[in-house]
1. Considering only residues of the stretch 43-61 that are closer than 15 Å to residue 108 by Cβ and not small (Gly, Ala, Ser), which is surrounded by the most Cβ atoms within 10 Å (Cβ to Cβ)?
2. Pick out the one residue from 72, 36 that is surrounded by 10 or more Cβ atoms within 10 Å (Cβ to Cβ) and modelled with pLDDT of 85 or more.
3. Can you tell me which residue is farthest from residue 101 (Cα to Cα) among those in the stretch 64-73 that are in a helix (DSSP H, G or I) and in contact with a Phe, Trp or Tyr (Cβ under 9 Å, 6 or more places away or on another chain)?
4. Assess whether residue 18 counts as being assigned to a helix (DSSP H, G or I), surrounded by fewer than 18 Cβ atoms within 10 Å (Cβ to Cβ), at pLDDT 95 or above and out of contact with any Ser or Thr (no Cβ under 9 Å at 6 or more places or on another chain).
5. Go through the stretch 72-111 and give me each residue that's under 21 Å from residue 31 (Cα atoms) and either out of contact with any Ser or Thr (no Cβ under 6 Å at 6 or more places or on another chain) or β-branched (Val, Ile, Thr) (or both).
6. Can you name every residue in the stretch 77-111 that is outside any helix (DSSP H, G or I), among the basic types (Lys, Arg) and either within 21 Å of residue 47 (Cβ to Cβ) or without any contact (Cβ under 8 Å) to a residue 12 or more places away in the chain (or both)?
7. Which is at pLDDT 90 or above and of a type in the set (Phe, Trp, Tyr), of 104, 93?
8. For a quick check of your reading of the model, give me the residue pairs whose first member lies in the stretch 16-30 and is in contact (Cβ under 8 Å) with a residue 12 or more places away in the chain, whose second is exposed (fewer than 10 other Cβ atoms within 10 Å of the Cβ), with beta-carbon atoms closer than 6 Å and at least 6 apart or on different chains.
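The values are calculated or read from the model by the stated rules, or taken from the named source; none is laboratory data. Everything numeric here is computed off the predicted structure, so don't read it as measured data. Reconstructed Cβ throughout: ideal geometry from the backbone, glycine too, with neighbour counts over all protein chains shown.
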Amino acid sequence: MFYSITVSYENLSKRVEAIERDLEQVKKDLQNIKELLTGPSFYTALNLPDHLRKTYSIAVMLGEAAADDVSLRTKRARAVESAYLNQLVIMGYLEKNKKGRKTYFKRKEQL
C-alpha cells in the first residue's frame, strides 16, 4: 500500500511540474502578445499583406524564432516561412541572427 501511494505521489509530482512548465510558457506567450498588441509592431503589422502579417505576428509573439518554429504555428511549409521571414528582413521589419546552423529572426528594434 505504501508503494502505491509513493508511486501515485511521484506521478502527481511529475504532472504538477509539467503543468508549471506549461504555465510558464503561457505567461511568456501572453507577455509577447501584450507587447505585440500595445507596441508599434501592432500598427506595423496592419500595413503588411495577409501572408506576411501572419508570419510577422507569429515571429514577434515568439520573441525570437527560426523558420521551423514559425511554420509549426502557421501550418505552412518551413521553406515558405523562411522565404517570408527573409522578405520581412529585407523590408526592415525583422532582423536575423545565425546561431550555429540555425537562423533566428526577431523584431527589429526601433532606433
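1. This residue is 55.
2. After applying the criteria, what remains is 72.
3. 70
4. Considered against the rule, which asks whether it is assigned to a helix (DSSP H, G or I), surrounded by fewer than 18 Cβ atoms within 10 Å (Cβ to Cβ), at pLDDT 95 or above and out of contact with any Ser or Thr (no Cβ under 9 Å at 6 or more places or on another chain), residue 18 comes out as no.
5. Once the filter is applied, which keeps residues that are under 21 Å from residue 31 (Cα atoms) and either out of contact with any Ser or Thr (no Cβ under 6 Å at 6 or more places or on another chain) or β-branched (Val, Ile, Thr) (or both), the stretch 72-111 yields 72, 73, 74, 93, 94, 95, 104, 105, 106, 108, 109, 110.
6. If the condition is that a residue be outside any helix (DSSP H, G or I), among the basic types (Lys, Arg) and either within 21 Å of residue 47 (Cβ to Cβ) or without any contact (Cβ under 8 Å) to a residue 12 or more places away in the chain (or both), then 96, 98, 99, 101, 106, 107, 108 are the ones that fit.
7. So the residue among 104, 93 that is at pLDDT 90 or above and of a type in the set (Phe, Trp, Tyr) is 104.
8. From the stretch 16-30, no pairs qualify.
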